[in-house]
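Here is the structure we will look at.
The values are calculated or read from the model by the stated rules, or taken from the named source; none is laboratory data. Fair warning: this is a prediction, and the values are worked out from it, not measured in the lab. Cβ atoms come from the backbone with ideal geometry, glycine included; neighbour counts cover every protein chain shown. These area figures cover heavy atoms from the full protein model, side chains too; ligands, DNA and RNA do not enter into them. Shrake-Rupley method; radii C 1.70, N 1.55, O 1.52, S 1.80 Å.
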Amino acid sequence: MEPIFPLTVPEEGRADAVLAAALDGVTRSAAQRWLEEGRVTLNGKPVKKNTRLQAGQELRIAPPQPEELDVIPQNIPLDVVYEDSDVIVVNKPVGMVVHPAAGHPDGTLVNALLYHCKKSLSGINGQLRPGIVHRIDRDTSGLIIAAKNDRAHLALAAQLQDHSLFRLYHAVVLGGFREDSGTVDAPIARHPTDRKKMAVCRPGQGREAITHYQVVDSHDGYSHLTCRLETGRTHQIRVHMAHMGHPLLGDSVYGPKRPFPGLAGQCLHAAQLTFAHPSTGEKITVEAPLPGWFQAVLKKLNLT
């Protein structure tokens, strides 16, 4: 029998949209398939994809069992900073893709996790993304958490949805700031003309996106920031900083096209992660120190 898990509806909306938003990494089409297959119930009755759900309602979800994987486990070294029977937290290096995709069939974090964890990874996100609860870009380094079972995955996804999963990044951006801290509250959607990019959009046209930032140091046209994510949209920090006129150093997609010497991508590192353990509820905080390449950039720009 397939396991059934609870999910509290975080906000009013169509069932397929609510499910896709609540389970990070589950696409709307996948959510619609679950609903059509009767895998989501409310008060014991199957929910249709266009049902209007209300905040606070309790759903019961029976995720499909994971399919046999075409992804090959690979013995790729991992910098594991925390691991138990429910979760694993990895300090991902720059250049590693999180999951297989066009142009990156192997050598990904998923390939490495499949080898390291064997069959102990959640199946909620399908055969190409086993265990993946949230993602960070290929050229962003730092902490990423994966779930070893569906119960843990749903618990962590709920924390992402209610903004209780704390994520702190370090970034170097172009330009100086008048204020020492601030908040960017601007919705993000797919770029209207370039589908590979995201963009700030008008309220009601995209998904809520909130980034809190603190200036660590500024010097000669560059600033070192810490950024705390309240939401976790695709490219969120990169898009928000560019929207403010402070694109990330080395980000040729949202900033200047010219490369920065010695930098292989945007200067962004996921340094701290705090979550409630899916089984015990204990608050767990893990940290990943700034990598050598990031420290070298700070030194070169006379930033602390």
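Between Ile76 and Asn302, the distance separating the two model label sites (each 7 Å from Cα on the Cα→Cβ line) works out to 4.0 nm. The magnitude of the dipole of segment 108-215, with charges of +1 and -1 set on the Cβ of Lys/Arg and Asp/Glu and taken from the Cα centre, is near 560 debye. Here the Karplus curve 6.51 cos²θ - 1.76 cosθ + 1.60, taken at θ = phi - 60°, turns the phi angles of segment 115-123 into couplings of 6, 6, 9, 6, 9, 8, 9, 5, x Hz, with x standing for Gly and Pro. When the charge dipole of the chain is built from unit charges on Cβ atoms (+1 for Lys and Arg, -1 for Asp and Glu) and taken about the Cα centre, the candidate among Ala30, Ala264, Gln205 whose Cα reaches farthest toward its positive end is Gln205. The charge dipole of segment 80-166, taken about the Cα centre with unit charges on the Cβ atoms of Lys, Arg (+1) and Asp, Glu (-1), comes to about 180 debye, rounded to the nearest 20. A viscosity of 0.890 mPa s and a temperature of 25 °C, combined with the Kirkwood radius over C-alpha pairs in the Stokes-Einstein formula, give the chain a diffusion coefficient of 121 µm²/s. The portion of the accessible surface of segment 241-303 made up by carbon and sulfur, rounded to a whole percent, is 55 (1.4 Å probe; DNA, RNA and ligands excluded). Quick check: from the Cα gyration tensor, does segment 213-304 come out rounded (a/c under 1.5), prolate or oblate? The shape class here is prolate.
Out of the total accessible area of segment 114-153 (probe 1.4 Å, heavy atoms of protein only), what percent is carbon and sulfur? Answer for segment 114-153 is 47 percent, counting heavy atoms of protein chains only. Note on the chain: dipole from Cβ charges, positive end direction compared against Ile284, His116, Ala186; the farthest Cα belongs to Ala186. Radius of gyration over Kirkwood radius for segment 77-212, both on Cα atoms: the Rg/Rh ratio is 0.99. Among rounded, prolate and oblate, which fits segment 140-228 when a ≥ b ≥ c are the square roots of the eigenvalues of its C-alpha gyration tensor, a/c under 1.5 means rounded, and a/b larger than b/c means prolate? It comes out oblate by the Cα gyration axes.
Report the residues of segment 154-172 in range of a label on Glu230: point 7 Å along Cα→C-beta, backbone N strictly under 13 Å from it. Only 162-164 fall inside the zone, counting backbone N under 13 Å.
Taken about its Cα centre, the chain carries a charge dipole of roughly 780 debye when the Cβ of each Lys and Arg holds +1 and the Cβ of each Asp and Glu holds -1. Dividing the mean sequence gap of close Cα pairs (under 8 Å, 6+ apart) by how many residues the chain holds gives a relative contact order of 15 percent.
Computed over protein heavy atoms with a 1.4 Å probe, the carbon and sulfur contribution to the accessible area of segment 175-221 reaches 41%. Short-range pairs are left out: with C-alpha atoms under 8 Å and at least six residues apart, the relative contact order of segment 85-200 is 23 percent.
Between helix 150-161 and the chain there is an angle of about 50 degrees, using the helix long axis and the longest principal axis of the Cα atoms. A crude spin-label estimate for the pair Asp194 and Ala55, with each label 7 Å from Cα along the Cβ direction, gives 3.5 nm.
Each of Leu143, Val98, Leu165 was scored by the projection of its Cα onto the charge dipole of segment 86-180, and the greatest displacement toward the positive side belongs to Val98; charges sit on the C-beta of Lys, Arg, Asp and Glu. Going down the table (Lys257/Lys300; Lys49/Lys92; Lys119/Lys283; Lys48/Lys148; Lys92/Lys197; Lys49/Lys118), which pairs top 32 Å between alpha carbons? Table pairs above 32 Å Cα-Cα are Lys49/Lys92; Lys49/Lys118. Taken per residue, the accessible surface of the chain reaches 48 Å², heavy atoms only and a 1.4 Å probe. Of Thr231, Thr51, the residue with the largest accessible area leads and the full order is Thr51, Thr231 (1.4 Å probe). Subtracting the Cα-Cα distance of Arg207 and Asp220 from 0.36 nm times their residue separation leaves 1.2 nm of extension gain.
When both bridge partners sit in the chain, DSSP labels roughly 95% of those beta bridges antiparallel.
Computed over segment 162-304, relative contact order equals 27 percent, with contacts defined as Cα pairs under 8 Å that lie 6+ residues apart.
Given a 1.4 Å probe and the protein chains as shown, Glu37 ends up with an accessible area of around 100 Å².
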